[in-house]
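Taking it in order: structure first as C-alpha cells, then the write-up.
The values are calculated or read from the model by the stated rules, or taken from the named source; none is laboratory data. From a predicted model like this one, the values you see are computed outputs, not experimental measurements. Don't worry about glycine lacking a Cβ; one is built from the backbone with ideal geometry, like all the others, and counts go over all protein chains shown. With ligands, DNA and RNA removed, areas are computed over all heavy atoms of the protein, side chains included. Shrake-Rupley method; radii C 1.70, N 1.55, O 1.52, S 1.80 Å.
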Amino acid sequence: MFSVTVRDHIMIAHSFRGEVFGPAQRLHGATFLVDATFRRETLDDDNIVVDMGLASQELGAVVAELNYRNLDNEPDFAGVNTSTEFLAKVIADRLADRIHKGALGEGARGISALSVTLHESHIAWASYERAL
C-alpha cells in the first residue's frame, strides 16, 4: 500500500457536555496539527498517490472552514461534543467529498483510503480512517 501525507493546523474553541470531560466542559481553546494520509494499492499513471500540492491545498481549504472558530457557535455542530476524534472524522469526510468531486485531480479517484490524524499535543492524538 502506498501513502502520501500532507499537514496543516487549526485553532478552535469549544466546550463539552458531560462529567467525563471535567474542566473541559468550560469553553477552552485547542490547537491541532492535522495530518491527512491518502492511500492506494498502486500508483497512478504518473507514479504518484496524489498530487501533493493539490492535497495540501484542499486540506488547507477544509481546515480553513474550522480555523479560528468557536465550534459551539457553528450550526453544523449544535449540541455535539466536538472531540478530537469527531473532528478527525469531519475533516476526513470533507476531504473525501472533495476527492469524489475531482478537486484533487482525476488520478486521485484511485485513492482507496484516507486517514486524518489530529495531534492535540506531542503526547496525545486521535485519528479517523475511512475507505473511499
Q: Among the residues of the stretch 6-45, count how many are small (Gly, Ala, Ser) and over 15 Å from Val63 (Cα atoms).
A: 5
Q: Kindly list the number of the only condition in (1) modelled with pLDDT of 95 or more; (2) surrounded by fewer than 13 Cβ atoms within 10 Å (Cβ to Cβ); (3) of a type in the set (D, E, K, R) that fails for Glu74.
A: (2)
Q | Scope the stretch 17-34; condition in a helix (DSSP H, G or I) and open to solvent by 70 Å² or more (accessible area, probe 1.4 Å); matching residues | A | Glu19, Val20, Pro23
Q: Go through the stretch 55-73 and give me each residue that's farther than 18 Å from Ala13 by Cα and aliphatic (A, V, I, L, M).
A: Ala55, Leu59, Ala61
Q: Search the stretch 81-118 for residues being out of contact with any Lys or Arg (no Cβ under 9 Å at 6 or more places or on another chain) and part of a strand (DSSP E or B), and hand back the single one that is surrounded by the fewest Cβ atoms within 10 Å (Cβ to Cβ).
A: Thr117
Q: Could you look through the stretch 35-67, keep only residues that are without any contact (Cβ under 8 Å) to a residue 40 or more places away in the chain and assigned to a helix (DSSP H, G or I), and pick out the one that is surrounded by the most Cβ atoms within 10 Å (Cβ to Cβ)?
A: Val62
